[in-house]
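The values are calculated or read from the model by the stated rules, or taken from the named source; none is laboratory data. Since this is a predicted model, take the numbers as computed values, not measurements. Cβ atoms come from the backbone with ideal geometry, glycine included; neighbour counts cover every protein chain shown.
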Amino acid sequence: MLVDLFMPFCEAQQAIIEEQRATIKKLEDKLAINSRNSSKPPSKDEHKPPKARSLRKKTGKSAGGQAGHLGQGHKLSDNPDEVFEYSVDICEDCGRDLSKVLPDEILQKQVEDIPPLRTIITEHQVEIKTCPCCATRWQAGGCPVTHEFEYGPRVKAISVYLSAFQFIPALRTKQMLKVFGVELSTGTLDNFRRSANRELVDFIEKLRTSIISSGAAFFDETGIKVKGIGHWVHVAATSLFSLFLLHRKRGREAHAEMNVLPEYQGILHRDDYHSYHNYPEATHSLCNAHFLRDLIYAIDRDGQSEWADPLIKLLVKIKEQSEAAATGVVDVRWQGRHRKRYRELITAGLKKNPPRVKKDGKIKGRTAQPKTVNLLLRLRDKEDEVLRFMTHAGARFDNNQAERDLRMNKVRQKVSGGFRSAKAGAEFMNVRSFVATAIKRQADPVEELVRLFTPGNNEYMRLAEHPE
């Protein structure tokens with residue numbers, strides 16, 4: 001009788017305990033997220049950085065340069081700009097004249113330095129004459145300068161380069177240019193950026209069409225602030241091109257404005273963000289770097305090492321085989337073995353972590369699943385996209401190309417903060433697209449910017465074209 005009296009109370013307490021246990025687990029899992037087991041950047045890790053979990057095989061070699069490795073000391077120049085000769089003219093012991101004796105050896109010692117920095121001012125003197133016969137005033141033509149005073153292409157190029165590539169804030173850019181004797185206002189720096197953006201209209205369109213025609217491209221996005229409001233920097237990239245877009249939205253609206261994804265039909269490298277699912281014309285390839293981090297999290301937090309650890313090793317093994325293959329893809333016989341092993345491990349994981357089923361009568365909507373179960377379901381349902389790098393020569397194991405391109409925009413945010421206006425941000429992204437593409441094409445970004453600011457010089461357009 002007493003047991004029956006206290007049983008409802010005990011059951012209620014047990015329900016509360018289970019709920020609190022689940023809440024504690026959820027909070028502990030949230031605190032355990034770091035750069036090693038998630039997409040969280042290392043700069044956001046609290047306290048001591050987590051110990052890295054290396055996926056490379058040990059070679060047994062000691063760290064650092066190996067035996068026989070040649071150093072990379074600075075080499076002497078074959079064409080020095082200035083030479084000072086030091087001769088031996090007399091023997092200090094016997095006093096004999098040595099001025100005509102050939103030297104046994106000449107020691108070369110070079111000093112490399114930067115000459116005094118100063119600008120070059122070019123004056124254009126335009127004659128104005130009055131005809132003594134008809135009193136008509138004439139001005140000489142041919143002068144390329146429009147205003148009384150202008151800055152040349154190189155001043156503009158270096159200013160934009162410091163902003164778009166080195167991410168130097170306006171104040172520090174002005175301070176750096178004072179080294180050259182150039183004193184600029186913030187408004188002038190803004191005008192340089194606007195001028196570059198106007199010149200880049202055709203370049204950006206050509207860049208867009210070149211990426212669309214590429215066999216493999218990488219897409220991603222990252223957050224940034226505009227006037228304190230969250231926006232997104234989107235990137236469409238290849239090994240040769242980078243196209244950036246600043247947009248208020250993260251998904252399809254931004255994709256439509258960039259207008260690359262709606263027309264793209266190559267291999268689309270991406271993460272599993274749902275907006276990328278809307279482009280069936282492309283061949284999708286999911287980023288396995290994300291899956292490796294999620295699998296590490298499953299091992300660390302959910303004790304899933306018996307299936308997750310072998311799956312990590314399997315994915316890394318397939319990666320090594322595809323990179324070593326002359327064709328860029330794994331041999332068909334190995335593909336079958338790898339798929340069989342892949343499915344076995346996913347099945348083992350789902351057996352240990354069965355998906356939750358709705359209670360009777362509740363059939364609408366999706367059932368909330370634990371993080372590990374969601375990971376297993378994605379790996380199971382998107383096997384082809386996960387293993388695309390195994391079967392297609394143009395597919396890569398991860399989406400690191402896009403992430404590397406975006407990382408520099410995050411550096412810019414840390415150095416200079418967000419943007420004060422969406423217009424300035426959009427102009428910056430176009431200039432950044434130009435500079436990043438120039439660097440990928442192994443061109444000097446400053447010289448390409450000089451060409452951009454030089455009237456009539458369209459040679460920079462070659463950067464947006466596919467090489468022959």
Among all residue pairs at least 6 apart or on different chains, which show Cβ distances below 6 Å where the first residue, located in the stretch 305-333, is farther than 15 Å from residue 348 by Cβ and part of a helix (DSSP H, G or I) and the second is modelled with pLDDT under 90 and hydrophobic (A, V, I, L, M, F, W, C)?
-> 316/55
Could you tell me which residue of the stretch 219-238 is surrounded by the most Cβ atoms within 10 Å (Cβ to Cβ), considering only residues that are touching an Asp or Glu at 6+ places or on another chain (Cβ under 8 Å) and over 14 Å from residue 426 (Cα atoms)?
-> 237
Tally, over the stretch 416-450, of residues that are in contact with a Pro (Cβ under 7 Å, 6 or more places away or on another chain) and aliphatic (A, V, I, L, M) = 4
Do the conditions hold for residue 358, that is, is it closer than 24 Å to residue 287 by Cβ and either surrounded by 15 or more Cβ atoms within 10 Å (Cβ to Cβ) or not acidic (Asp, Glu) (or both)?
-> no
Find all pairs meeting these conditions: Cβ atoms under 8 angstrom apart; at least six residues apart or on different chains; first residue within the stretch 395-409 and farther than 20 Å from residue 292 by Cα; second residue small (Gly, Ala, Ser) and assigned to a helix (DSSP H, G or I).
-> 405/436; 408/436
Residue 178 meets each of (1) more than 30 Å from residue 273 (Cβ to Cβ); (2) touching a Ser or Thr at 6+ places or on another chain (Cβ under 7 Å); (3) part of a helix (DSSP H, G or I) with one exception, condition (2)
Top-ranked residue of the stretch 239-280 - restricted to ones that are closer than 26 Å to residue 379 by Cα and touching a residue at least 60 places away in the same chain (Cβ under 8 Å), ranked as surrounded by the fewest Cβ atoms within 10 Å (Cβ to Cβ) = 272
Would you check if there is a residue in the stretch 284-291 being without any contact (Cβ under 8 Å) to a residue 60 or more places away in the chain and surrounded by fewer than 20 Cβ atoms within 10 Å (Cβ to Cβ)?
-> no
Is it the case that residue 464 is closer than 30 Å to residue 315 by Cα and buried (at least 22 other Cβ atoms within 10 Å of the Cβ)?
-> no
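Conditions (1) closer than 23 Å to residue 171 by Cα; (2) surrounded by 18 or more Cβ atoms within 10 Å (Cβ to Cβ); (3) at pLDDT 95 or above; (4) under 17 Å from the mean Cα position of the chain (by Cα), marked per residue:
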site	(1), (2), (3), (4)
394	no, no, no, no
407	no, no, no, yes
410	yes, no, no, yes
414	yes, no, no, yes
421	yes, no, no, no
434	no, yes, yes, yes
437	no, yes, yes, yes
449	yes, yes, yes, no
Search result, residues across the stretch 195-237 that are part of a loop (DSSP other than H, G, I, E, B) and out of contact with any helix residue (DSSP H, G or I) (no Cβ under 7 Å at 6 or more places or on another chain) = 213, 214, 215, 227, 228
What about residue 224, is it within 30 Å of residue 396 (Cα to Cα) and either among the polar types (S, T, N, Q) or modelled with pLDDT under 95 (or both)?
-> yes
Among the residues of the stretch 111-159, which ones are without any contact (Cβ under 8 Å) to a residue 60 or more places away in the chain, part of a loop (DSSP other than H, G, I, E, B) and polar (S, T, N, Q)?
-> 122, 125, 136, 146
Look through 331, 381 and report the one residue that is farther than 26 Å from residue 274 by Cβ, out of contact with any Cys (no Cβ under 7 Å at 6 or more places or on another chain) and surrounded by fewer than 16 Cβ atoms within 10 Å (Cβ to Cβ).
-> 331
Those residues of the stretch 104-131 which are of a type in the set (S, T, N, Q) and under 28 Å from residue 149 (Cα atoms), in sequence order = 119, 122, 125, 130
Residue count, the stretch 125-144 (criterion: under 30 Å from residue 182 (Cβ atoms) and surrounded by 10 or more Cβ atoms within 10 Å (Cβ to Cβ)) | 3
